[in-house]
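Shown next, in structure tokens, is the structure this report addresses.
The values are calculated or read from the model by the stated rules, or taken from the named source; none is laboratory data. Values in this document were obtained by computation on a predicted structure and should not be read as measured data. Here the Cβ positions follow ideal geometry from the backbone for every residue, glycine too, while neighbour counts run over all protein chains shown.
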Amino acid sequence: MTSQLQTQNDQYLKEFIQHYNQRTKTSKEISQKIRPFLADNKASSLFSLPLKEISYPIVGKRSSGCKLWDVDGNEYIDFIMGYGVNLFGHNPPFIKQAIEEQLEQGIHLGVQSEIVGEVAELICELTQMERVAFSNTGTEAIMTAIRIARTVTNRNKIALFSESYHGHFDGTLVEAQVVNGTLKTIPMAPGIPPNILKDVLVLEYGNPQSLDIIKNHQSELAAVLVEPVQTSNLSLQPKEFLQQLRQLTKDGGIALIFDEMVSGFRIHPGGAQAWFGIEADLATYGKVVGGGMPIGVIAGKAIYMDAIDGGMWNYGDDSYPQAKRTFFAGTYCKHPLAMAAARSVLKHLKNYGFSLQQELNRRTSDLAAELNSYFEARKLPIKIEYFGSIFGFTTSPSFSTSEDSASSNLRQLLVYYNLLYKGILLRGNGGFLSTAHTDEDIKSLIQTVQDSL
Ligand SMILES: Cc1ncc(COP(=O)(O)O)c(C=O)c1O
């Protein structure tokens, strides 16, 4: 870089930081004030030395529809949407009312929820699964689905795929890395015991060779865990691979687990299973279905779900819960507020049918088409990928390798902060469209991305 260009860049950065600090003064103050007491990796994940003075999260005060206001009174169009939770925008009246009504009744945890059966039945109806259990987060749902699969198959090993995210339970926090020229599976972070690795195979998603590896290990595998379309790689939507995986797991007596935390109820009322026309043995849900309340759902074929309670039985005859059971618990499972919110979400989805998702998916694809043609016309090495109403920006590999990774990260962070400065909240490299976003909001996103680049 010429020294003149460097000086211009430095000057730009200095001025941008000043303006950003002025606009979000209170967020910065709060961040400093709470740091001694709050251990917060969300705040530290934004840290970058050149951008240290703007390395703080925006502090939210109020939200409604697709808008969010921070503690300095700045208005944002929110495309983070609770990391995929808020399919209907923030605080939609029908969910708010359901939560208020339940709050009035009380938050009793020690007895059965009056509406849990209705919620379970609605999930079964929409997803075509046979039985359902509730946890509080997606991570717990995944952990439980794996435990169920191990119980029913009497096997320990699971297979999962690189670049998938399945929450923060030790058993899935592993990754494949090339170490000294050979591919190795390693724990993803300190504190994860390496002995977990003996029970996890990490494979490449969409690669037919992964199917061969699964076949070679079929007698050891309890489950194959799959995020049908990875949030980190939205363009990879390998229907045929999934179909083959379904056949292979069926033949090998291996549980196929669909992690539908993001795709569930968003891509289609029946999630990725319905979208790809594939029946999994177990599927996990969360996010959208909780309507903003913490929830995790484990759903599946009765033969698997019976490991929770021993299976179906009736009064008045000699039936009893016969299936082999594993351990499952949680103080807050079937939380009354989460159940009330979930019932209102599911009824809403049922009333609208697939047209709700179809419309949202179409609007996302229009958004992507418009931005992509802008990028192409200007030969910008950026692309917007999408799956239903989830979208993400990717840069072409030739572009990323033309600079070192530190400047590439810095450039990406700068675009991110620039968008924030201009009132657009994104989830790192992309976002979620909700039914609350208007055509005007989408136009604003398009315009702001164009201006910021
Ligand atoms: C695909 C997927 N699985 C599991 C999880 C974990 O869910 P939770 O954060 O509710 O524990 C997430 C969270 O983002 C996810 O995206």
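Output the residue which, of all residues in the range 305-331 that are over 32 Å from the mean Cα position of the chain (by Cα) and aliphatic (A, V, I, L, M), is surrounded by the fewest Cβ atoms within 10 Å (Cβ to Cβ).
We begin by selecting, within the range 305-331, every residue over 32 Å from the mean Cα position of the chain (by Cα); these are 312-323.
Retained after the next criterion (residues that are aliphatic (A, V, I, L, M)): 312, 323.
Values: M312: 13, A323: 17.
This residue is M312.
Kindly provide the set of residues from the range 386-436 that are small (G, A, S) and either at pLDDT 80 or above or closer than 19 Å to L87 by Cα (or both), ordered by number. Please lay out each step first, then the result.
Our first condition is that a residue be small (G, A, S); within the range 386-436, this holds for 388-389, 392, 396, 398, 400, 402, 405-408, 423, 428, 430-431, 434, 436.
G388, S389, G392, G423, G428, G430, G431, S434, A436, listed by residue number.
So that you can scan it fast, the table gives a plain yes or no per residue for (1) surrounded by 15 or more Cβ atoms within 10 Å (Cβ to Cβ); (2) farther than 18 Å from L225 by Cβ; (3) within 16 Å of the ligand (Cβ to nearest atom); (4) not hydrophobic (A, V, I, L, M, F, W, C):
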position: R150; (1), (2), (3), (4): yes, no, no, yes
position: T153; (1), (2), (3), (4): yes, no, no, yes
position: S162; (1), (2), (3), (4): yes, no, yes, yes
position: G167; (1), (2), (3), (4): yes, no, yes, yes
position: Q177; (1), (2), (3), (4): no, yes, no, yes
position: N180; (1), (2), (3), (4): no, yes, no, yes
position: K184; (1), (2), (3), (4): no, yes, no, yes
position: P190; (1), (2), (3), (4): no, yes, no, yes
position: L201; (1), (2), (3), (4): yes, no, no, no
What is the number of the single condition among (1) in contact with a Pro (Cβ under 8 Å, 6 or more places away or on another chain); (2) touching a residue at least 40 places away in the same chain (Cβ under 8 Å); (3) loosely packed, with under 12 Cβ neighbours inside 10 Å; (4) closer than 30 Å to S263 by Cβ that S113 does not meet? (3)
What number of residues in the range 228-283 are polar (S, T, N, Q), part of a loop (DSSP other than H, G, I, E, B) and more than 16 Å from the ligand (Cβ to nearest atom)? 1
Away from the ligand (no atom under 16 Å from the Cβ), touching a residue at least 12 places away in the same chain (Cβ under 8 Å), under 23 Å from S263 (Cβ atoms) and among the aromatic types (F, W, Y): is that true of F327 in this structure? no
If I77 passes every condition in (1) buried (at least 17 other Cβ atoms within 10 Å of the Cβ); (2) touching a helix residue (DSSP H, G or I) at 6+ places or on another chain (Cβ under 9 Å); (3) assigned to a helix (DSSP H, G or I) but one, which one does it miss? (3)
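Applying the selection to the range 277-304, what residues are crowded, with 24+ Cβ neighbours inside 10 Å and out of contact with any Gly (no Cβ under 7 Å at 6 or more places or on another chain)?
Listed by number, the residues that qualify are A280, G290, G291, I298, A299, G300, Y304.
Here is a yes/no grid of residues against (1) surrounded by fewer than 15 Cβ atoms within 10 Å (Cβ to Cβ); (2) under 10 Å from V297 (Cα atoms); (3) polar (S, T, N, Q):
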| position | (1), (2), (3) |
| --- | --- |
| I107 | yes, no, no |
| F134 | no, yes, no |
| G138 | no, yes, no |
| R147 | no, no, no |
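Only one residue in L371, L380 is assigned to a loop (DSSP other than H, G, I, E, B), within 21 Å of L413 (Cα to Cα) and over 23 Å from the mean Cα position of the chain (by Cα), so which one is that? It would help to see each step written out before you state the result.
Details: L371 fails: assigned to a loop (DSSP other than H, G, I, E, B).
Matching residue, one of L371, L380: L380.
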Close pairs from the range 162-176: first without any contact (Cβ under 8 Å) to a residue 24 or more places away in the chain, partner within 11 Å of the ligand (Cβ to nearest atom), Cβ under 9 Å, at least 6 apart: L173/H166; L173/G167
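Yes/no per residue for (1) of a type in the set (G, A, S); (2) closer than 30 Å to I257 by Cβ; (3) free of Cβ contacts under 8 Å to residues at least 40 places away in the same chain; (4) not in a helix (DSSP H, G or I):
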residue: E53; (1), (2), (3), (4): no, no, yes, no
residue: Y56; (1), (2), (3), (4): no, no, yes, yes
residue: R62; (1), (2), (3), (4): no, no, yes, yes
residue: L68; (1), (2), (3), (4): no, no, no, yes
residue: K96; (1), (2), (3), (4): no, no, yes, no
residue: E101; (1), (2), (3), (4): no, no, no, no
residue: L122; (1), (2), (3), (4): no, yes, no, no
